[in-house]
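Worksheet for the structure shown next.
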Amino acid sequence: MIITGTVIGLVSLIKLHYKRVEQKVAKLDFLVKEIDPESMKCFMFMQHNTAPVIAVDKNAKTAVVLVSGYNGVGLEAVSSIFKLFGDTFKNFVFISVGVIDAGTFKGTAEVIHLNRHIKIETEKYVKILKGHGYHSECMTSMGTDVVDKVNKIALLVRHKYPNSVFFGGQVVFENETFFTKMLHNYTVFSIERRLFQHGIPFIALPIKV
């Protein structure tokens, strides 16, 4: 009874922790409502750039942003790039990988639907950037190993845009503990190590919650 009670208590604490984190991350999703890819209402720091998209210069500075759907974390990452680097980057490439696991692999139709959903979500970033005069595109994929998939796509992007810098948003906590390190995914740092092996620059953008 003691062991069972301890396990139940631990599981309850973990569930409560994830729920609180989800609520904090959801606060960033106000950006999703503020930034409409259809009307091109966008960040204030991008309002100065409303020129039509010019012909793509593959040798120009290119920001490659890893995203997991159209959400506040992804938009905050894009916001941070402009705040830190201004108008340095002329091209923007968005990469998103859908994870196929026991929860999503329920048949071919479900996988096709997930792939389509990921593509639609990622293209929303593309619409925003194109609406403000930047060349933008997206690349999506599906797989069981996100790090491996991103690594393969990154090599293709790097070949196409040799002056590219990769970015990934990483959620950070105000009071990080051993508990948070155990329970949260640090895929961004795994991707960073893989890209460094190929000499590809990668910057992890802290998204504070």
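The values are calculated or read from the model by the stated rules, or taken from the named source; none is laboratory data. Note that the coordinates shown come from a computational prediction; the quantities given were computed from them, not determined experimentally. Heads up, the Cβs are rebuilt from the backbone with ideal geometry, glycines too, and the neighbour counts pull from every protein chain shown.
What pairs come up if the first residue lies in segment 104-118 and is part of a helix (DSSP H, G or I), the second is at pLDDT 75 or above, and their beta carbons are under 6 Å apart, counting only those six or more places apart or on different chains?
Leu114/Gly98; Asn115/Met142; Ile118/Ser96; Ile118/Gly98; Ile118/Thr140
Hey, does segment 170-189 have a residue that's at pLDDT 95 or above, closer than 20 Å to Val73 by Cα and surrounded by fewer than 19 Cβ atoms within 10 Å (Cβ to Cβ)? It would help to see each step written out before you state the result.
Applying the first criterion (at pLDDT 95 or above) to segment 170-189 yields none.
No, every residue in segment 170-189 fails to be at pLDDT 95 or above, closer than 20 Å to Val73 by Cα and surrounded by fewer than 19 Cβ atoms within 10 Å (Cβ to Cβ).
Restricting the search to segment 77-102, which residues are farther than 23 Å from Lys149 by Cβ and either of a type outside the set (Asp, Glu) or part of a helix (DSSP H, G or I) (or both)? Lay out the reasoning, then the answer.
Filtering segment 77-102 for residues farther than 23 Å from Lys149 by Cβ gives 79-80, 82-90.
Within segment 77-102, Ser79, Ser80, Phe82, Lys83, Leu84, Phe85, Gly86, Thr88, Phe89, Lys90 meet the criteria.
Quick one: is Ser96 touching a Leu at 6+ places or on another chain (Cβ under 7 Å), crowded, with 21+ Cβ neighbours inside 10 Å and hydroxyl-bearing (Ser, Thr, Tyr)? Spell out the reasoning first.
Numbers: touching a Leu at 6+ places or on another chain (Cβ under 7 Å): no; crowded, with 21+ Cβ neighbours inside 10 Å: yes; hydroxyl-bearing (Ser, Thr, Tyr): yes.
Against the criterion (touching a Leu at 6+ places or on another chain (Cβ under 7 Å), crowded, with 21+ Cβ neighbours inside 10 Å and hydroxyl-bearing (Ser, Thr, Tyr)), Ser96 does not qualify.
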